[in-house]
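A.B. asks: First the structure, which I've put down as structure tokens, then a few questions once you've had a look.
Readers should treat all values here as calculations from the given coordinates under stated rules, not as data from a laboratory. Not measured: the values here are computed from a predicted model. Here Cβ is always computed from backbone atoms with ideal geometry, including for glycine, and neighbour counts include all displayed protein chains.
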Amino acid sequence: MRLSQGGLPTLGRRQQQASDSGMSSDDYLNDYFVSRVRTEGDLSTSAFKPKLATADASSSPPKIIVRSPQLAPSTHKFSLLQSWEGVVSAVSEAEFVAILRDLSKSNQPEEQATFPMDAVAEPDHSLVALGAVFYWVIGYEVTVTGTRKTVSILRFRRLPAWTKSDLLTAKREAQRLSRLFDTQD
Amino acid sequence: MTLKTKRRRHEPPETDQVEISLFGPGIGECVVAHLGAGEWMIVDSCRDRMSRVPVALQYLADLRVDVPKAVKLVVVSHWHDDHIQGAADVIRAAESTSVACSSAVRHEEFLAMVGASPRAMMQSSGVSEMRSILALIQERNLPGTRAGSAGPVLAKANVNLWPNGSARKLYDAEVQALSPSDGACMLSWRAIADGLPELGVPKRRAVVLSPNQVAVVVWVSAGRVRALLGADLEESASPTMGWRAILASPTRPTDRAAIFKVPHHGSINADSPQVWERMLTPEPHALLAPFASGGKFLPTRSDVTRLLSRTPNVHCTAPSGGFSPPFRSSAVEKMARQVTGGTRKAIRGPMGHVRIRGRISGGSLSVHYCGSAFRATL
């Protein structure tokens, strides 16, 4: 069986492990989904329910054939509703203010909003500074079970640092512009 | 039957009329001035929210003004986003115009910041607009062109911006810069130098600390009409900077203006009671455009109260405090409200326009409001 899409990224390795331990692919997949259901209570699509029910009801390991189309969906699917690009215009310890530009519809007016620092993922906190750029997206997150919820994600842009080459180019550009004033007193 | 609606056009001013028009959509401002005899000046620029066209070009087209020939002077008071958006487009369209910029732009620190802007990997900012302006002027300085004849004119205190040596045919009119002072330029260069890109430091959008102190304040004199256009110049504790430096200048105009573009959106840090006493007529017409930044909106209620204590004639281009944001889907609105605590506001609304016209020979001034503009009251 070939698994061509996401959702079970480590399957190949696991399949190999299963094969090494003498399990068939089907045994392995069954084991995989049953363990997922035990750890993730909400993983119960209608397609799997009857089979999993059988799996739970039976004392001996059931034989379940899982076809690839049913394996294809990723665990999470994101459906974008709205996105903005923001530029931080003021920062305090607990919150920051930003000017927002609509990326979904370009002719919308710019907006201003205040965000609590909690809205930013912990690793991005150090990036929150005056002039920093971030993307704010709101959309539906759909799990493999079909559960849909509205989510908001704020991601700060990690820009590269200034390099020697950047600074040299900037200097040349500045010199070129300065010629404009050469002959003025 | 088809119902045809015709948009009401503005009527152009008469040859012997002076006009000062202030535009402001909630954030951003632009002054369009008729200096008489079909000659125009534009100070700063902002874009129409819907068409994205610089409002000055839109208005002059509406008046059927021949922009390439009739616009004689464009002043870029400073490079803050709310004063400069679309200025390069204005200069491109006004083919025969002189361009005046704050003399602070000449310094190598400023040019280094401008030079770095394309590599900052950021959305456009006032600094990158300034870069477009300087590049455009450079293109116009063709080989053999007399240096400085295409600009920019480096505006600083007591520099005459217009007419540039050419004689006026009908009556006297002139435009003079009252700022920035040399002291303000020196401090500005230091501040810019502190914010310049450094090796290994992550890139950010260029944010310049307080270019307001190097903003170009403009004095307009046309026939018997006087106007003081305050840009964003703030008051300073130092006698060599801000409004104090203008008041202390022995060469500043001694006349009094009846039209005052209130500096820095009416904020307290730009307020100078001495300016009202010594440079303005009693009860002048005060023109005001609002502003939003860093979670604050200008003018505040107390700013408006203070202005009304100085003159009953306060005219605003738009209400302060922002506008309702455009409605997205219910799911987006609900989530956005949850994240921002309902603080989201649109900072640009419909374009507001306050227009003041008066005869060169003097007499009363007439005020006209368009769009979201209104007369302020307590």
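A.B. asks: Name the most mobile residue of B:Met186, B:Met335, B:Met130, meaning the one with the largest mean-square fluctuation, in a Gaussian network model of chain B with Cα contacts below 10 Å.
C.D. replies: Looking only at B:Met186, B:Met335, B:Met130, the largest GNM fluctuation is found for B:Met335.
A.B. asks: I would also like to ask the following. For segment B:264-330 and segment B:41-55, compute the distance between their C-alpha centroids and round to whole Å.
C.D. replies: When both Cα centres are located, 20 Å separates them.
A.B. asks: Right, next: What are the residues whose amide H is under 5 Å from the amide H of A:Leu103, where those residues sit 5 or more places off or on another chain and H is modelled from the backbone?
C.D. replies: Under 5 Å from the amide H of A:Leu103 lie the amide H atoms of A:Ser83, A:Trp84, A:Glu85, each far enough along the sequence or on another chain.
A.B. asks: Could you compute the net charge surrounding B:Ile268? Neighbours are other residues with a C-beta less than 11 Å from the C-beta of B:Ile268; K and R count +1, D and E count -1. Write out the running numbers ahead of the final one.
C.D. replies: Details: positive: B:Arg306; negative: B:Glu234, B:Glu235, B:Asp271, B:Asp303.
Within the 11 Å Cβ shell, the charges total -3.
A.B. asks: Between B:Glu95 and B:Ser361, how many nm apart are label points set 7 Å from Cα along the C-beta direction?
C.D. replies: 3.7 nm
A.B. asks: What are the ³J(HN,Hα) values, in whole Hz, obtained from phi via the Karplus relation 6.51 cos²θ - 1.76 cosθ + 1.60 with θ = phi - 60°, for each residue of segment A:162-174 in sequence order, with x given for Gly and Pro?
C.D. replies: 5, 9, 4, 4, 4, 5, 5, 5, 4, 5, 4, 5, 5
A.B. asks: In bins 10 Å wide, starting from 0, what share of all Cα pairs of chain B does each bin hold, as a percent?
C.D. replies: 5, 24, 34, 25, 9, 2, 0
A.B. asks: Based on the Cβ-Cβ distance of B:Val53 and B:Asp194, what FRET efficiency does E = 1/(1 + (r/R0)^6) give at R0 = 51 Å, to the nearest 0.05? Could you put the intermediate results ahead of the total?
C.D. replies: Values: r = 36 Å, r/R0 = 0.71.
Taking R0 as 51 Å, the efficiency between B:Val53 and B:Asp194 is 0.90.
A.B. asks: Counting only C-alpha contacts under 8 Å and six or more residues apart, can you give the relative contact order of chain B as a whole percent?
C.D. replies: Numbers: 835 pairs, mean separation 63.5, N = 378.
Across chain B, relative contact order equals 17 percent.
A.B. asks: Test of understanding: what is the full-extension gain from B:Ser330 to B:Tyr369, defined as 0.36 nm times their sequence separation minus their Cα-Cα distance? Mind showing how you got there, number by number?
C.D. replies: On the way: separation 39, 0.36 × 39 = 14.04 nm, distance 3.56 nm.
Full-extension gain reported as 10.5 nm.
A.B. asks: What is segment A:76-156's relative contact order, in percent, from Cα pairs under 8 angstrom and six or more apart in sequence? Mind showing how you got there, number by number?
C.D. replies: Values: 171 pairs, mean separation 29.0, N = 81.
Taking the mean separation of contacting Cα pairs over the length of segment A:76-156, I get 36 percent.
A.B. asks: Among B:Leu134, B:Leu22, B:Leu229, whose mean-square fluctuation peaks in a Gaussian network model of chain B (Cα, cutoff 10 Å)?
C.D. replies: It is B:Leu134.
A.B. asks: Tell me, what does the Kirkwood hydrodynamic radius of segment A:76-156 come to in angstroms if you use every pair of distinct C-alpha atoms? Write out the running numbers ahead of the final one.
C.D. replies: Details: mean 1/r = 0.0744 Å⁻¹.
About 13.4 Å for segment A:76-156.
A.B. asks: What longest range of chain B stays clear of loop-exposed GluC sites (Glu not before Pro) (DSSP non-H/G/I/E/B, at most 12 other C-beta within 10 angstrom)?
C.D. replies: Numbers: sites that count: B:Glu95, B:Glu198.
Free of exposed loop sites, the longest segment is B:199-378.
A.B. asks: Please give the net charge around B:Ala286, taking every other residue with its beta carbon less than 12 angstrom from that of B:Ala286, where Lys and Arg add +1 and Asp and Glu add -1. Write down the numbers at each step before the final one.
C.D. replies: Numbers: positive: B:Lys261, B:Arg306, B:Arg310, B:Arg375; negative: B:Asp271, B:Glu283, B:Asp303.
Its environment carries a net charge of +1.
A.B. asks: Among B:Ala336, B:Ala70, B:Ala270, which one shows the highest mean-square fluctuation when chain B is modelled as a Gaussian network with alpha-carbon springs under 10 Å?
C.D. replies: B:Ala336
A.B. asks: Summing +1 for each Lys or Arg and -1 for each Asp or Glu, what net charge is found among the other residues whose Cβ lies under 15 Å from the Cβ of B:Arg226? Please list the in-between numbers first.
C.D. replies: Details: positive: B:Arg224, B:Arg252, B:Arg256, B:Lys261, B:Arg278, B:Arg357, B:Arg359; negative: B:Glu19, B:Asp172, B:Glu174, B:Asp255, B:Glu283.
After counting each charged neighbour, the total is +2.
A.B. asks: Exactly which chymotrypsin sites (Phe, Trp or Tyr not before Pro) in segment B:240-344 are in a DSSP loop and have at most 11 other Cβ atoms within 10 Å?
C.D. replies: Values: sites: B:Trp243, B:Phe260, B:Trp276, B:Phe291, B:Phe297, B:Phe323, B:Phe327; in loops: B:Phe327.
Filter output for segment B:240-344: B:Phe327.
A.B. asks: So, one more: Whose amide H sits under 5 Å from the amide H of A:Trp162, counting only residues 5 or more places off or on another chain, with H placed in the peptide plane?
C.D. replies: B:Gly200, B:Val201, B:Lys203
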